[in-house]
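J.: One structure follows; several queries about it will come next.
The values are calculated or read from the model by the stated rules, or taken from the named source; none is laboratory data. This is a predicted model, so every value here is computed, not measured. Cβ sites come from the backbone with ideal geometry, for glycine too, and all protein chains shown count toward neighbours. Each accessible area value is taken on the protein alone, full model and side chains, heavy atoms only, with ligands, DNA and RNA left out. Shrake-Rupley method; radii C 1.70, N 1.55, O 1.52, S 1.80 Å.
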Amino acid sequence: MTLRRFVPDSILGWLALILVAGLAASQVLTAVLHNANRNEAVIEVEDLRAAERVATFAEFLEHTAPVLRPSLAASMSGPSMTIAAAAKATVPDSVSVDHRLYHLVHAVSDRLKSSNWVEIRVGRIAPDAQQRARGLEPVRMSIGLRDGSWINFEFATIESLPLVSYRLLILMLVSVFLVLGLSFYALRRVTRPLDMLTRAAEALGRSGRTEPLKETGAREVRRAARAFNEMQGRIKGLIEDRMQMVAAISHDLRTPITRLKLRAEFVDDTEQREKMLRDLDEMETMIKSTLALARADANPEPAMQVDLRQLLADSVEGLNHVTLSADPAMGDDTAWITAQPIALKRALINLIENAIVYGKKADIRLSSSATEYEIAVDDAGPGIPQTELEKVFRPFFRLEASRNRESGGAGLGLAIAKSVVRAQGGEIILINRAEGGLRALIKLPR
């Protein structure tokens, strides 16, 4: 669980992680291989240079009179190489020779042109603190001449070069950040159409409507956007056809209902006449609600900037048993949102009137968070069974115990309210309060 927290969950994040990991691995591997080859080449060159110097000095001292060799060798010594002519060798005879020293001996012997030497010994000595800090390893070499004298050399060789220098590290970091910056810009351009497609799909799922997508980006993304636009067009056509059919049927039914009302007036039985008129009134109410729902979906209202505080105040104007408050954390600031004001006001009035009719009162509270506004409409009624909380949003669904036909409702109020709220990009849910009553909670994006 802890590891998953650091794993990206987006395409852009995964691509960035793959790019960073691949680039880092490539840089490290390249640096290691480059430095390994560089170390080998530099060490070989340094050994050859040391062999050249040793052979040159040895040749020169060999052709010098033995009595002059010590003073001449001392004069040729320097910080990088110490030379001494003596009767004994400074390197013991039994010193083991590794691969590098073996090649160094052969390089010196190949460069000694005369045949007046008989033996070459070589060995390492312990470095001091300064040499160890600089990565140097001191070497002693003794060359035996035919006259029995020895020429002793002491010089330092490079043990190994540092894996990376500060300058190289800075250049690597600059190149990595430059490549990452350009790559992130390119990845962002590639994934932006996918993000737009996701947002459009979410908007379509909430409100059933969204603007056509621009068919930009990679070929696969363009195909997905084209398919989405075609799907959206088909869905929009199906919804419009359905709403037009419902509106036409509802409109055409009003004429025969009016005729039936007129005929019912001629019924002599008073009780039967009242029942017929009551049923016809209920049918007319259902038709009006159906027409309102069809008009709302077929002809959506333009969205504009709306002050949610003022909209709530207008919605409760003239209503009794209503209290309206706001979260103190909001202060006196206005609560601006982009919404369809008339449709949203109608949805709020539906919820408030439901709370008054079935819950005796409506306590309305406005609050906000960083991303959304919340409107809670609480009542003191019996609530709704837990299994019916989602069903009441279905068109023409009514609860016989609390929302019955005698109230005059057609079962479309909550369906219309949910459709309107979702068209604003929000959501509406019903909650049975622990202290009793029902809460209708509306969430609208800021």
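J.: Between Asn116 and Leu178, what length in nm is gained on full extension when 0.36 nm per residue of separation is reduced by their alpha carbon distance?
T.: That works out to 16.1 nm of additional length.
J.: Next question, about the same structure. For Val322, tell me the accessible area in Å² from a 1.4 Å probe, rounded to the nearest 10.
T.: Near enough 40 Å² of accessible area.
J.: Could you work out how far the C-alpha centroid of region 81-131 sits from that of region 356-375, in angstrom?
T.: Cα centroid of region 81-131 versus Cα centroid of region 356-375: 94 Å apart.
J.: Keeping all protein chains in place and using 1.4 angstrom, which order do Asp333, Asp363 fall into by accessible surface area, from largest down?
T.: Greatest to least solvent exposure: Asp333, Asp363.
J.: Count the net charge of all other residues whose Cβ sits under 12 Å from the Cβ of Ile352, scoring Lys and Arg as +1 and Asp and Glu as -1.
T.: Value of the local net charge: -3.
J.: Separate question: If you compute Cα extents along the principal axes in Å for the structure shown, which of (i) 61, 55, 45; (ii) 156, 47, 36; (iii) 69, 56, 44 do you land on?
T.: Here the calculated entry is (ii).
J.: Between Trp14 and Gln386, what length comes free when the chain is fully extended (0.36 nm per residue of separation minus the Cα-Cα distance, one decimal in nm)?
T.: So the extension gain works out to 129.8 nm.
J.: How many nm separate the modelled label positions at Ala24 and Thr371, each set 7 Å beyond the Cα in the direction of the Cβ?
T.: Roughly 2.9 nm, to one decimal.
J.: Taking 0.36 nm per residue of separation and subtracting the Cα-Cα distance, what length does fully extending Asp128 through Thr285 add?
T.: 46.2 nm
J.: Determine the percent antiparallel among the DSSP beta bridges restricted to the chain, to the nearest 5.
T.: Around 90 percent antiparallel, to the nearest 5.
J.: With label points built 7 Å along Cα→Cβ from the Cα atoms of Ala74 and Ser109, find their separation and express it in nm.
T.: 3.3 nm
J.: At 1.4 Å probe radius, can you tell me the per residue accessible area of the chain in Å²?
T.: Heavy-atom accessible area per residue stands at 61 Å².
J.: What spacing in nm lies between the two simple spin-label points modelled at His321 and Thr338, each 7 Å away from Cα in the Cβ direction?
T.: 3.9 nm
J.: Per residue of the chain, what 222 nm ellipticity follows from adding -39500 (n - 2.57) for every DSSP H run with n ≥ 4, rounded to the nearest 500?
T.: When only DSSP H runs of four or more count, the value is -18500 deg cm²/dmol.
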